[in-house]
Amino acid sequence: MRPPRKTSSDTSAREGSRRPSRPGRAGASAPAAGGMNRAARRAAAAAEAEAEAGGAAKSGERARPARAERPARPERAARPARAERPARAERPARPARGERPAAEDRAGSRAENRAVRAERPASEARRGPRNDPATRPVRVARGARGAGGTRPEARAAAVEPQRIARLLARAGVGSRRDIERMIAEGRVALKGEVLTTPAVIVSSLEGITVNGMAVAAIEPVRLFRFHKPAGVLTTARDPGGRPTIFDVLPPELPRTVPVGRLDMNTEGLLLMTTDGALKRALELPSSGVPRSYRVRAYGEIGQRVLENLIDGITVDGVHYGPIDAGIERRTGRNLWISMTLTEGKNREIRRVLEHLGLQVSRLIRVSYGPIALGDLPPRGVDEVPPQLVAELMNMLKRGERTERAR
């Protein structure tokens, strides 16, 4: 059976019973506490608090005593006044613009000073040309001057007996050829006796004078990196007048000699040292110090052909030792090749690659043993750190032991 249908009168009666009565109407009940809004509740709470406060005052309730005040800090003793410093000397007043010498007069005085310096003899010059030992001042021993105006002789430590030209070259006086020329000119003396031949064996710098001055003791070995640019020769002087590395080296660099040679058109890392013995040891093929290059060449060649260079190659009757070579990048017939070798014979890389049918357009040395060119700019020079110099010396010792073992 279906449930009876609800009528509209039943629905309206039920809704009317649920609907709450509105406040303010006649016969309406007071609202419950939960029915008050937020503002009404706040007002009621404030009224109750005010009523309680008024009741407490009427009942004679004592007020809470105020917090005790902190005692005042005692005043610090006044510091004694500092002694007055003496007044700074007043600077002389700067001359007015009209009293200063004119620009033409100042330029004339500078020109006169340059002329006076140019007229000084070579012995009094502070620094002459780098490659001319006749004008370069000799490194003399430190100490007070004697009665005759000369410095005392150097008290240098004893070294292994060697020719006097070699010892003076190690002391930085000049190259061997320069010293032999000085001896021929009568500028070198040993214990007051002028030498006439370079075939003199000495074991120290004691008693040796150059131009009447005692030579300073041998300094510790120093090694420099130099980024050689293309277009300069690795030599001290060129009869043809072409530019050399000493024309582009900074003037404040001490007397140095290059380790090995780079061709005129070869660029990159060139080591410069103050010790000729280190120079000769590094230049020997038996040293075993690896040297790395980057080569830009033109032509066709395979990686297998370059890898075969590790066994060495003979070109025009000259045998070249092992070469570690590989192609870095190839663009058409142009390619970059990396090569590492230990002998470093004259024009070795160019002759080997030309023998393989390649045309070398650029050759850059990027490292010499543990010393790398890095980001050193062209013509830039800096000193090699001592730890790298020690590592290079260890390489030389290992190469000498390997050579003796053979």
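The values are calculated or read from the model by the stated rules, or taken from the named source; none is laboratory data. Since the model is a prediction, treat every value here as computed from it, not as a measurement. Methodologically, a virtual Cβ is constructed for each residue, glycine included, from the backbone with ideal geometry; neighbour enumeration extends over all protein chains shown. For accessibility, only protein heavy atoms count, side chains too; no ligands or nucleic acids. Shrake-Rupley method; radii C 1.70, N 1.55, O 1.52, S 1.80 Å.
One chain, two ends: R163 and R42. Fully extended at 0.36 nm per residue, the span grows by 32.3 nm beyond their Cα-Cα distance. Protein heavy-atom accessible surface, 1.4 Å probe, per residue over region 276-406: 55 Å².
Net charge in the neighbourhood of L376 (other residues with Cβ under 15 Å of its Cβ; Lys, Arg +1, Asp, Glu -1) is +1. For region 283-406, the alpha-carbon coordinates run over 44, 39, 21 Å along the three principal axes, in decreasing order.
Residue ranges 295-303, 330-338, 366-374 sort as 366-374, 295-303, 330-338 when ordered by packing (mean number of other C-beta atoms within 10 Å per residue, highest first). Summing +1 for each Lys or Arg and -1 for each Asp or Glu among the other residues whose beta-carbon sits under 13 angstrom from that of K345 gives 0.
Note on A184 and V318: the model spin-label points, each 7 Å out from Cα along the C-beta direction, lie 3.0 nm apart. Inter-part distance, region 288-342 to region 364-406, computed on C-alpha centroids, equals 21 Å. Packing around the peptides 385-392, 356-363, 210-217, taken as the average count of other Cβ atoms within 10 Å per residue, puts them in this order, highest first: 210-217, 356-363, 385-392.
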